[in-house]
1. Filter region 18-49 down to the residues that are out of contact with any Phe, Trp or Tyr (no Cβ under 6 Å at 6 or more places or on another chain), under 15 Å from ASP81 (Cα atoms) and not polar (S, T, N, Q) and list them by number.
2. Kindly evaluate GLU31 against the criterion of being more than 20 Å from GLU97 (Cβ to Cβ), open to solvent by 50 Å² or more (accessible area, probe 1.4 Å) and not basic (Lys, Arg).
3. Could you run through region 1-42 and say how many residues are charged (D, E, K, R) and within 15 Å of THR116 (Cβ to Cβ)?
4. Quick one: ASP117 ticks every box in (1) assigned to a strand (DSSP E or B); (2) open to solvent by 20 Å² or more (accessible area, probe 1.4 Å) bar one, so which box is it?
5. Quick one: in region 1-28, which of the residues that are in a helix (DSSP H, G or I) and touching a helix residue (DSSP H, G or I) at 6+ places or on another chain (Cβ under 7 Å) is most open to solvent (accessible area, probe 1.4 Å)?
6. For region 96-114, what are the residues that are within 17 Å of LEU35 (Cα to Cα) and crowded, with 16+ Cβ neighbours inside 10 Å?
7. Can you name the residue in region 36-47 that is open to solvent by 20 Å² or more (accessible area, probe 1.4 Å) and either modelled with pLDDT of 95 or more or not in a helix (DSSP H, G or I) (or both) and, of all such residues, is farthest from VAL121 (Cα to Cα)?
8. Between a residue in region 9-20 that is within 14 Å of TRP120 (Cα to Cα) and any residue that is assigned to a helix (DSSP H, G or I) and open to solvent by 20 Å² or more (accessible area, probe 1.4 Å), which pairs come within a Cβ distance under 8 Å, given they are 6 or more apart or on different chains?
Amino acid sequence: MKIWTERPAETDVETVVGRYFSLLRAGRTHEAEQLVDHTPLRHVLKSLWSGSVGASADDEASCSLAADEWEQNLSWLSELDLGDFNWGHTGTHFYVEVIYRAQIIEVSLGFWVKPTDAGWVVAGPSTLW
């Protein structure tokens, strides 16, 4: 997990989140979880699936991955991208839009920068609908 001795700049935090998302897209979920003070990954993946491929009822991929198969076959993650980062007025909380096939989906990922005994870390993501 990335730890800063001082409160990090927004650009530094966005770089960590970008790396986190790149690892997710590559199916390297264990490595992604190590970058942030992580919430349960299954919840994050299920929300991303539901808001993207699962929401596309007429999409062939949504029909080919039934029930919890999306959890075993993570190839669908490669079709997701990050959109804009939207920081709150305190500079400690933000959400980032998620894009599926050039469209912003209804699910965003929320993160926050928090102090710990070791220093400042990025925590999350929460899923925002």
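The values are calculated or read from the model by the stated rules, or taken from the named source; none is laboratory data. Please read these numbers as outputs of a predicted model, since none were measured by experiment. Neighbour counts run over all protein chains shown; Cβ positions are idealised from the backbone, glycine included. Please note that ligands, DNA and RNA were not included when accessible areas were found on the heavy atoms of the full protein model with its side chains. Shrake-Rupley method; radii C 1.70, N 1.55, O 1.52, S 1.80 Å.
1. Scanning region 18-49 gives GLY18, ARG19, TYR20, PHE21, LEU23, LEU24, ARG25, ALA26, GLY27, VAL44, LEU45, LEU48.
2. Taking the combined requirement at face value, the residue satisfies it.
3. Of all residues in region 1-42, those charged (D, E, K, R) come to 2, 6-7, 10, 12, 14, 19, 25, 28, 31, 33, 37, 42.
Narrowing further to those that are within 15 Å of THR116 (Cβ to Cβ): 2, 6-7, 37.
Going through region 1-42 one residue at a time, the tally reaches 4.
4. Failing condition for ASP117: (1).
5. Narrowing region 1-28 to residues in a helix (DSSP H, G or I): 10-25.
Okay, now just the ones that are also touching a helix residue (DSSP H, G or I) at 6+ places or on another chain (Cβ under 7 Å), so 16, 19-20, 23-25.
On the way: VAL16: 19, ARG19: 116, TYR20: 1, LEU23: 6, LEU24: 1, ARG25: 82 Å².
Only one residue tops the list, namely ARG19.
6. Once the filter is applied, which keeps residues that are within 17 Å of LEU35 (Cα to Cα) and crowded, with 16+ Cβ neighbours inside 10 Å, region 96-114 yields VAL96, LEU109, GLY110, PHE111, TRP112, VAL113.
7. PRO40
8. Final answer for the pair search is VAL16/LEU35.
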